[in-house]
1. Calculate how many DSSP beta bridges within chain A are antiparallel, expressed in % of all such bridges and rounded to the nearest 5.
2. Could you give me D for the protein assembly as shown, from Stokes-Einstein at 37 °C and 0.692 mPa s, where the hydrodynamic radius is the Kirkwood radius over C-alpha pairs? Units µm² s⁻¹, please.
3. Using amide H atoms built in the peptide plane, which far-off residues or other-chain residues are under 5 Å from A:I82 H to H?
4. If one takes the longest principal axis of the Cα atoms in chain A, at what angle in degrees, from 0 to 90 and to the nearest 10, does the Cα axis of helix A:192-203 lie?
5. Among A:A199, A:I220, A:V281, pick out the residue whose Cα is farthest towards the positive end of the charge dipole of the range A:189-287, where Lys and Arg carry +1 and Asp and Glu carry -1 on C-beta, about the Cα centre.
6. Treat the count of other C-beta atoms within 10 Å as a stand-in for reagent exposure and order A:D237, A:D87 from fewest to most.
7. Using only Cα positions of chain B, each an equal point scatterer, no hydration layer, compute I(q)/I(0) via Debye at q = 0.14, 0.15, 0.18 Å⁻¹ and quote the log10 values to two decimals.
8. Any idea what the dipole of the protein assembly as shown comes to, in debye rounded to 20, about its Cα centre with Lys/Arg Cβ at +1 and Asp/Glu Cβ at -1?
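Values in this text are rule-based calculations from the coordinates and carry no lab data. Worth saying up front: this structure is predicted, and the values here are computed from it rather than measured. Here the Cβ positions follow ideal geometry from the backbone for every residue, glycine too, while neighbour counts run over all protein chains shown.
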Amino acid sequence: MERIKVLVVDDSRVSCAMLANMMSKTNFEVCGMASNAADAVLKYQTLRPMAVTMDMNLPDADGIECSRRIREIDPDARIVMISAMKDASLMERGREAGISSFLQKPVSPYELIDALSCIVSDDVKRTTGLRDLYIQSFAKVLRQSLFSLVGVHSEVSTDRAEGSYLDIPSGIAVIIGLTGCPMGRAIVYMDTDTMYGVARAILMKGDDEKLTAEEASDVIEEAANIIAGRCASVVNDLKDVDMRISPPGTIVGKNIRVANFKIASYYIQAQTRFGNICMNVGFAEGE
Amino acid sequence: MDAKLVNPFIDALVAVMPQMGFEVPKRTKMGVKNQTCKSLGVSIIVGFTKGLRGNVVYNMSADAAKFVASKMMMGMPVAEMDEMAQSALSEMSNMLTANAATNLAAMGYTVDISTPSLTVGQDFQIKISSENYLVVEMDLGGQIMELNIAVQA
């Protein structure tokens, strides 16, 4: 397999080494490193890499200015910004300078590879590999969200969903549509006992305090909405695309069955002391 | 919810269903529901974002679903909701929703739609809105499809 050349622009040797290390196990390779903007422009000209990772803080100019100079030489240059800070204004200015993806330090290997894969592929859309990477990101979001919302630690595992149905004997399923690229849907679900346990924890209600089924399902619906929103944000950050979530459709009852039809679907399961909190994520096939 | 948002969905049904061999659907009932819709047996949920946000549910009995699936597959008998039948129904919801989206665009609402989620079973309620929304019952030639339309600008 031909390796894809990447120029790393960062004034920190540690960052450079970390990025090179992450890429070494993939079909990306670091073809050069630059520690300042002038050097970056020079190396870009001579090395002609397929992609550039750009730090924000450089000794002689900022990463946006450096990107602008590189794009003057090559208007098609593909640049991922990796910065400690990431805010709306930085992203807006970055986009104007032609940066197509924004990551925040510390960058995980799959975020980096996903972002690089995206920008070097002319077709900004998905591959199965990308979907697998999303699922890993979603698993991380689920674990973090459960900790911040419920204050609970969880063991998270992921799996490709086989079988044509998702079956929930009794409990709650919150279905949230994903629109944009990739298009799909996420379902957050759990059994009835887990629903009450999680809702009590979020509302900080004791076991003897009253909690109606409606209140409990409302809490789970909102939590699912937050988790799906964060998942969509992760995809948007990686790819600078516009994935949005629709308002939830919430099913409470018995023998809930949702078809896994014509979608590439995955299970993400978080084991907690309240029970299993699960997410089924499906992306449209063959777009 | 604004009642004028119902027409693009009815128009879609009237335009699309005859192309697949159905009689021209007739509106038999229209009403308001609060927050939840009770699954009639097979419910297909589609999410909307951008110009309008919300959900639309195509809701029908298992018999109506089999009738629709069979008709879409050129009269092939459908004994149960197998993958073929699901495929037919998902395809129908895609066509209807895409057509409705085009109608909405003509009214100035640009929408994005999610993939449909098809649910089977009738022991449950689906909460699709936090307030009142509109429901339209359509007769597809002897079988009823309920359109639950909970979208807003």
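1. Details: 43 of 61 bridges.
Just about 70 percent of them are antiparallel.
2. Details: Rh = 23.6 Å.
Once the numbers are plugged in, D ends up at 139 µm²/s.
3. A:M54, A:D55, A:M56, A:L103
4. 60
5. It is A:V281, whose Cα lies furthest towards the positive end.
6. Numbers: A:D237 18, A:D87 10.
Fewest-to-most Cβ neighbours within 10 Å comes out as A:D87, A:D237.
7. -0.62, -0.71, -1.06
8. Details: 42 positive and 53 negative charges, 40 e Å.
Dipole of the protein assembly as shown, to the nearest 20 debye: 200 debye.
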